[in-house]
1. Put a dot 7 Å past each Cα toward the Cβ at Q148 and E297; how far apart are the dots in nm?
2. Quick one: 3J(HN,Hα) in Hz for segment 179-188, Karplus 6.51/-1.76/1.60 with θ = phi - 60°, rounded, Gly and Pro as x.
3. Once amide H atoms are placed 1.01 Å from N in the peptide plane, what residues at a sequence separation of 5 or more from Q359, or on another chain, have their amide H within under 5 Å of its amide H?
4. Go through segment 297-309 residue by residue and turn each phi into a ³J(HN,Hα) via Karplus (6.51, -1.76, 1.60, θ = phi - 60°); whole Hz please, and just put x for glycine and proline.
5. When a footprinting reagent is the concern and you count Cβ atoms within 10 Å, what order do H371, H316 take, fewest first?
6. Could you derive backbone 3J(HN,Hα) for segment 55-69 from the dihedral phi with the Karplus parameters 6.51, -1.76 and 1.60 (θ = phi - 60°), listing whole Hz in sequence and x where the residue is Gly or Pro?
7. Sort out for me the Cα centre separation of segment 199-271 from segment 123-140, rounded to whole Å.
8. For A244 paired with I323, estimate the spin-label separation in nm (one decimal), with each label point 7 Å from Cα along the Cα-to-Cβ line.
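Quick note: the coordinates plus some simple rules give every number you see, no bench work behind them. Every value quoted in this text rests on a predicted model; they were computed, and no experiment measured them. With ideal geometry, Cβ positions are generated from the backbone for all residues, glycine too; neighbour counts draw on all protein chains shown.
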Amino acid sequence: MATNKKKKKRVFILSGAGLLLVILVAAIVIGGKKEPVITVQTEKVSRRTITQIVTASGQLEPKDLVAINPEVSGQIVDLPVVEGQKVAKGEVIVKIRPDQYIAQLQQSEAQLQSVISQEQLAKANLQNAESTYKRAEALYARKLESQQDLETAKTTYEVDKASYASAQANVDQARAQVGVNQDALNKTTIKSPMDGMVTVLNSKLGETVLGTNFTTGTEIMDIANMNTMEAQVNVDENDVVLVAVGDTANLSVDALPKAKIKGVVYQIASSGTTTGAGTQDQVTNFLVKIRVVDPTEFDIKPGMSVTADIQTATHHDVLSVPIQSVTIRTPKMPQGAKIEKASMDNSKTKGGPAREKAQEVVFVVKNGVVHTLAVKRGISDDNYVEIESGVTAGEEVVSGSFVAISRELQDGSKVRVENNKMVAMQAIGGGS
């Protein structure tokens, strides 16, 4: 009797355990089939002004810069300026020892006087030969002079005429040499070609410099017009197509963090400069020159590092969404659709429907479910992108997280909106 009771009790326990196990398995199966809910953050589509920015870095340089190279060689005997000094146009800035140039000028002047005397003698000889020749012609006409005497007179006249022409040429040559030597002497004194500042001074008093007849000569100093400063920045080849002459720019100078400097693009290079050619680091940049609107307002100096935010376009009162809200999706093909190699234009297939192209989309939240909307984007700034078509003002679009937007979300996905958490995270991370 007791044995039967034990058997019944054991059966009852095993049955209960089995039932519990079945319930647990069923719960796991049912729970496994439940669609996951993705946590997202959202923001409403709104209207705002968007300014597209191209950022580039470079250096500040004077727009008008003159390198002072002597045209004659010699020792510097006077250097009345120092680096950083302002100079006026026509002011003497360098003197080179003139001794040898004075001697060369005096020698050429003496040579000129010598050839002038020779020219005067040749002229007198020519006048005498001309008179003799004319007299011989008259006598010959009256048959009082022989043919031989006439020919002799004519030959003497022609020789003296040629001698006089040669003497005149020698005078012109000697006079030109005097001019050359006078010019060389004048060039021993160098004057400032413009109003400006000595920004670089390479030479010292007593130093011997070479004139420009020796390659480029010695660069004694640089003089810059500090009232015409410019930012010379390198713009990436992908961005330079957005930049146009006349675009405004905000310039940030590392040495002057509080200065708000304005500029205007006035020149864009027509050819680029490539660095790291043939490597993974290959970069092609284009030099863009930006005129500083009021350089005298700030203590800016040549060579200072500068970052330019060039405003390439501004659109007012346009629909916009956070820039991270726009992503790429490829529409799903109908099940069983036949897909073969697409034609070159990627719009038709052989023996099947058209191949779907990847689209730019946003995810709009309605009643806890996201819907994929294809959009056409316009310009963008650092935070927002203009939406030309595809959404309407007030719609709630997914703005985070990045993983959800880029990978997890699909059309029809269930979501849970937690914007308060997003705001808290932005506050901790310093986001806006």
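1. About 10.0 nm separates the two model spin labels.
2. So the J values, rounded to whole Hz, are x, 4, 5, 5, 5, 4, 5, 4, 6, 6.
3. Under 5 Å from the amide H of Q359 lie the amide H atoms of R329, T330, each far enough along the sequence or on another chain.
4. 6, 10, 8, 8, 10, x, x, 5, 6, 9, 10, 10, 9
5. H316, H371
6. For segment 55-69, the Karplus curve yields 9, 8, 10, x, 9, 8, 9, x, 5, 10, 10, 10, 8, 8, 10 Hz.
7. Value for the Cα centre distance between the two parts: 72 Å.
8. A separation of 2.2 nm, rounded to one decimal place.
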